[in-house]
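These notes concern the structure reproduced below.
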Amino acid sequence: MSSILNISGLTTLWEKTKGTSDIRIAILDGSIDIEHPCFQGAQIKHAPTIAKDNLTNDMPSQHGTHVASIIFGQHHSAIQGIAPLCQGLIIPIYPSNNDDKRICSQLDLARAINQAIAHGAHIINISGGELGVYGSADPILAKAIQQCVDSDILVVAAAGNNGCRCLHVPASISSVLAVGAMNAEGNPVSFSNWGDAYHHNGILALGIDIPGAEAKGDIVHASGTSFAAPIVSGVAALLLSLQIKSGMEPSPHAIRKILLETVAPCNQTEENCQHHLSGKLDIQSALTKLATLHDGLAGLSLNKPINTFYPASEGGGAGITNLLVLPTHPNQHILQPTFNHLMRSSIVTDINAIPTDIAEAHNSGIQPAEFADMPSESESNINSVQPSAVVASDCGCNKTKASPTIAYVLGQIGVDFGTEAKRDAFIQLSGVNIYNSIELLEYLKSDPASAANIIWTLSLDATVVYAIQPYGPFATHTYDRLKEFLEAQADEDVERVSIPGLISGSTRLINGQEVPVLYPDLRGMYSWSTQDLITASIGEAPTEKAAALLHTQKIDGINNFLERIYYEVRNLGTSPQERAINFAATNAFQVSAVFENAIKTNMKLEDISVERSPICRPGSDCWDVKLSFFNPAKRLEQARHVYRFTVDVSEVIPVSVGKIRNWDIY
């Protein structure tokens, strides 16, 4: 009998629900064999990313298929998934780097999380992580996780298979639900990681001999925290489904709280209690707690089935699982998947496809849609645990055209050449020092066409996040604008640029990093220095003493706001919230009016946040950028004051909607 069926309390939970299509679980992993019999009838969509999503029978595809089947395996098949009636969203996250190793940077993981948020995920399953002593995340990844908290989305991540007191990112982040592995007797297995952070946000679930689908095959049994994580994700999805059945709004973080509060704790007489994390998954106790907290669940008797489903089919088969050792990338955070297969998916978006003339405009050497095949790596059996890292090769089949994603990004312009051969050819033809921006720009003035032989990049400080590919009838003008930006940066007249556009495909930089390609919209490409932006919005300093003091205070306030946008709130500019706040940073005229009012009452900026706006037009996507102010001298006596202005991000170029609203909060 499947070990899944032996999980205590699961069959009782199945008697109440096997999920609902109103709950969506995103799996950030790799490509899956959607044609496997266990997925027939499952509601699974695919979200395109810079990672390949073509099915192979290599380790990444095997791992993704296995993880997906643990949740979405239909009960008329040999694999009975935890939540077969929930929706699935498969988001591949593992592109190749310059030495053809399968890796995912924390930056790319943040991109995938943003995609999951944008596509309405309630739960995000990440069966992977980067091993770190302190478990600290890249700030952009931390912000993506925080956005999940703000949007009430639960992130579930594997604790790792290193068998040590050590942490994996993102499982180590406090708001993530980390999952370790235990055996059928409820004892932690030797390979499952532990640590202080996991004691507060970690939970143990079955992670030994878990049956699942094999890509282009039958059934395989595998062990590892990778396979414990989807069990917890599936159980959380079923509890959310029960909330919906009771007529309530689903709350993933409320379910997270219930799961952590109802764990079966370690018996203090047992050895190695630290290996138990916060405790063991207890489905029955979680059900009882949920029914106690919500009167609407009173009718869901713990012994009364709500819906019936297909009878279980008998499955079997066992397989050998392996651990792949992946070298750590020396120059960036690397997410090492705690598993050995991956999955695939595609989802329809509302964004119009990139114009067909883009393909004809690709004369710069960037080929943004394709990825190199990846060879297999050597394997070694370690504790029958799935690998800490994966490689994958691509069969090149089942390609689907990905719809582009809207972006509105702030950053700095740079250049790259993709390969050493292209770089050296450019140097030989031009005779310039390509690392000297002024010298490079002088050459481009004499040979404008060479601008198309450069990969133009957009960076967040020192990190390249996009390659910029001008296209269409105004591509020449876009190249001119990019050259202007680079020259102004070299002269230190510009600190930031804004680039709106559509993202589709990817390209490889000379350091091996794979980045998405951004097709810019010339209408919204601007550059500025903070000081010039402030001066343009509030004018030159007056000579009258009182007015000059107010002017100085406004400068300080707006500068504080912009600096916080640039460094504290910096982001990839893809989610609606990110595009709204980035646009707000360029709309200094509106912000200056806010600070002028706040300064008159001695208020200082406290918090910047984004919420969905109740004010919107039909067919638009509107968000409120909310600025909260407080009086430092009267923090306890004087109410905080809030200013909100609405940004419509439904099109590539955002636009402000309506007037600034403001009120006190007591």
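Condition test on THR478, is it modelled with pLDDT of 90 or more, assigned to a helix (DSSP H, G or I), under 21 Å from GLY505 (Cα atoms) and β-branched (Val, Ile, Thr)? Taking the combined requirement at face value, the residue satisfies it.
Among the residues of the range 540-593, those identified as small (Gly, Ala, Ser), buried (at least 19 other Cβ atoms within 10 Å of the Cβ) and assigned to a helix (DSSP H, G or I) are GLY557, ALA580, ALA584, ALA585, ALA588, SER592. Could you check, for the range 497-506, whether at least one of its residues is part of a strand (DSSP E or B), outside the structural domain of SER105 (by TED's automatic domain parsing), out of contact with any Pro (no Cβ under 9 Å at 6 or more places or on another chain) and modelled with pLDDT of 90 or more? Yes: the range 497-506 contains one or more residues that are part of a strand (DSSP E or B), outside the structural domain of SER105 (by TED's automatic domain parsing), out of contact with any Pro (no Cβ under 9 Å at 6 or more places or on another chain) and modelled with pLDDT of 90 or more.
Within the set PHE595, PHE583, the sole residue that is over 23 Å from ASP152 (Cβ atoms), outside the structural domain of GLU495 (by TED's automatic domain parsing) and modelled with pLDDT of 80 or more turns out to be PHE583.
Return the residues of the range 429-447 that are assigned to a helix (DSSP H, G or I) and either polar (S, T, N, Q) or in contact with a Pro (Cβ under 8 Å, 6 or more places away or on another chain) (or both); say none if nothing qualifies.
Hits for the range 429-447 are SER430, SER437, SER446.
For the range 152-172, residues that are surrounded by fewer than 24 Cβ atoms within 10 Å (Cβ to Cβ) and over 13 Å from the mean Cα position of the chain (by Cα) total 6. Check GLU637 against each of (1) touching a residue at least 24 places away in the same chain (Cβ under 8 Å); (2) not in a strand (DSSP E or B) and name the one condition it does not meet. It is condition (1) that GLU637 fails.
Residues in the range 83-110 that are in contact with a Leu (Cβ under 7 Å, 6 or more places away or on another chain) and modelled with pLDDT of 90 or more: ALA83, ILE91, LEU109, ALA110.
Conditions (1) in a loop (DSSP other than H, G, I, E, B); (2) modelled with pLDDT under 90, marked per residue:
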| site | (1), (2) |
| --- | --- |
| SER364 | yes, yes |
| PHE371 | yes, yes |
| SER388 | yes, yes |
| GLY396 | yes, yes |
| LYS401 | yes, yes |
| LEU410 | no, no |
| LYS422 | no, no |
| ALA449 | no, yes |
| THR457 | no, no |
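Restricted to the range 543-575, and to residues that are within 31 Å of the chain's Cα centre (by Cα) and among the basic types (Lys, Arg), which residue is modelled with the lowest pLDDT? Only one residue fits best here, namely ARG564.
The values are calculated or read from the model by the stated rules, or taken from the named source; none is laboratory data. In this text the structure is predicted, and so the values were computed from the model without any measurement. Here Cβ is always computed from backbone atoms with ideal geometry, including for glycine, and neighbour counts include all displayed protein chains.
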